[in-house]
Amino acid sequence: MELRWSEEHDMMRKMVRQFAEEKVSKAVPAMEEKDEFPLELVKEMGALGLMGIPIDEKYGGAGMDFPSYILAIHELSKVSATLGVILSVHTSVGTNPILYFGSEEQKNRYIPRLASGEYLGAFALTEPGSGSDAAGMKTTAVKKGDRYILNGSKVFITNAGAADTYVAFAKTDTKALGAKGISAFIVEKDTPGFVIGAKEKKMGLHGSNTSSLSFEDAEVPAENLLGAEGEGFKVAMANLDAGRIGIAAQALGIAEAAMEHAVDYAKERKQFGRSIGKQQGVAFKLADMATQVEAAKLLTYRAANLRQHGKPCGTEAAMAKMFASDTAMKVATEAIQVFGGYGYVKEYAPERFFRDAKVTQIYEGTNEIQHLVISKGLMNG
Ligand code: CAA
């Protein structure tokens, strides 16, 4: 399969690359050091139309196709995987569940704000006792008059604290087993009884917010139920399918950047009288890195293409996420090896790529869960 880009795609790539190289790269050292959420850059992304790339113009989005959105995450992540995940979570699982499962009132109320970047979106599924087994959640929602009263807690929520809306999941029927009885809600940040916990200190993705959330008799208006009661697990899973293509693109960006840094360094660095890239030990590593990056790219854009054409893409998205994240980890590790001692110090980018790559094998479903999704797809196909 050949990747064919339209003029629109080329313009998107050029615009995001320019923004990333001119603005984002300058902010990376401070984000690394202070671990502060890059609010100004996210606002600029809103002004550039990046916070609603695949959202219909009718709802204030850019009305572009899904591969354009994936291109944006890929390009941003080459410079900052932090901005890549902020955009991916905001769009794939913070905005799209409202777009695809929301009522017309909910769409009109939230989507234009999210698509313009006035609001930032988040997704609250994982709990202290339920990560991979997402259906094992304990958070409850009990209907009382015109509100649902939510109780429970969530962990590892990306964009928490900075986000204005949270697509959150709770059991409305506690007697129902497994995935049944789970419902989705749109929770606004200033909901009474909704508390955002302290920011986690992470290995990588510095600047990105990751916090716990707690619902302490949180009062969510009944009109913020997203989809029907009991439909919540489907809301989560259906949006995670496309969400995983976003994480694949983030991992691809990290891998490609690590490979390019390694190639540049291998051209420059001389040992035994010639460039290390001309010596077989390093040359073969570079060849493997480039091949893996290319394969990750094809899987990622193939899944994005299927999604664009409305075809089932859960299996392909899981393959792309699993392969691209494993590639990011392998290529970042090898980039450090090519850099030698310089690869181990913070002054050079491979050290950051290595730390940022690790989580792509973990979030939006661990790679072990992706194996499960792919094998289930094979058995049911
Ligand atoms: N689309 C629509 N519906 C789906 C679906 C999909 N892709 N996958 C499953 N469903 C439906 C099933 O059809 C089934 O419905 P019925 O009973 O009506 O048939 C129901 O959901 C339950 O399906 P399963 O029996 O397959 O569910 P399960 O309990 O075995 O779990 C799982 C499946 C794949 C393991 C799932 O729990 C999973 O994906 N776990 C990982 C969780 C995850 O990805 N978390 C990410 C958190 S968000 C995040 O990380 C964001 C970030 O910060 C970057």
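The values are calculated or read from the model by the stated rules, or taken from the named source; none is laboratory data. Just so it is clear, the model here is predicted, and its values are computed rather than measured. Glycine gets a Cβ as well: all are built from the backbone with ideal geometry, and neighbour counts include every protein chain shown. The area values use the complete protein model at the heavy-atom level, side chains included, leaving out ligands, DNA and RNA. Shrake-Rupley method; radii C 1.70, N 1.55, O 1.52, S 1.80 Å.
How about the stretch 303-381: which helices (runs of 4 or more DSSP H) wholly inside it have at least 2 residues that are surrounded by 19 or more Cβ atoms within 10 Å (Cβ to Cβ) and either without any contact (Cβ under 8 Å) to a residue 12 or more places away in the chain or hydroxyl-bearing (Ser, Thr, Tyr) (or both)?
Answer list for the stretch 303-381: 314-339.
Looking at the stretch 270-302, which of the residues that are closer than 18 Å to Thr327 by Cα and β-branched (Val, Ile, Thr) is most open to solvent (accessible area, probe 1.4 Å)?
Thr291
Step by step: first the residues of the stretch 96-126, then only those that are within 13 Å of the ligand (Cβ to nearest atom) and open to solvent by less than 10 Å² (accessible area, probe 1.4 Å), then the one that is farthest from Phe215 (Cα to Cα). Which residue is that?
Ranking the qualifying residues of the stretch 96-126, first place goes to Asn96.
Since Asp133 meets every condition but one in (1) open to solvent by less than 10 Å² (accessible area, probe 1.4 Å); (2) within 15 Å of the ligand (Cβ to nearest atom), which condition does it not meet?
In the conditions (1) open to solvent by less than 10 Å² (accessible area, probe 1.4 Å); (2) within 15 Å of the ligand (Cβ to nearest atom), Asp133 misses (1) alone.
Would you check which residues across the stretch 136-165 are of a type in the set (A, V, I, L, M), under 28 Å from Leu87 (Cβ atoms) and buried (at least 21 other Cβ atoms within 10 Å of the Cβ) and list them?
Just the residues of the stretch 136-165 that are of a type in the set (A, V, I, L, M), to begin with: 137, 141-142, 149-150, 155, 157, 160, 162-163.
Next, only the ones that are under 28 Å from Leu87 (Cβ atoms) stay: 137, 150, 155, 157, 160, 162-163.
Within the stretch 136-165, Met137, Leu150, Ile157, Ala160, Ala163 qualify.
Only one of Asp217, Asp173 is at pLDDT below 95, in contact with a Gly (Cβ under 6 Å, 6 or more places away or on another chain), surrounded by fewer than 20 Cβ atoms within 10 Å (Cβ to Cβ) and over 26 Å from Glu32 (Cα atoms); which?
Just a single option satisfies the conditions, and that option is Asp173.
Sort out which residues of the stretch 58-93 are assigned to a loop (DSSP other than H, G, I, E, B) and within 16 Å of the ligand (Cβ to nearest atom), and write them in order of number.
Residue satisfying the conditions is Ser80 alone.
Counting just the residues of the stretch 241-269 that are within 12 Å of the ligand (Cβ to nearest atom) and open to solvent by 10 Å² or more (accessible area, probe 1.4 Å), which one comes out farthest from Ser103 (Cα to Cα)?
So the residue we want is Arg244.
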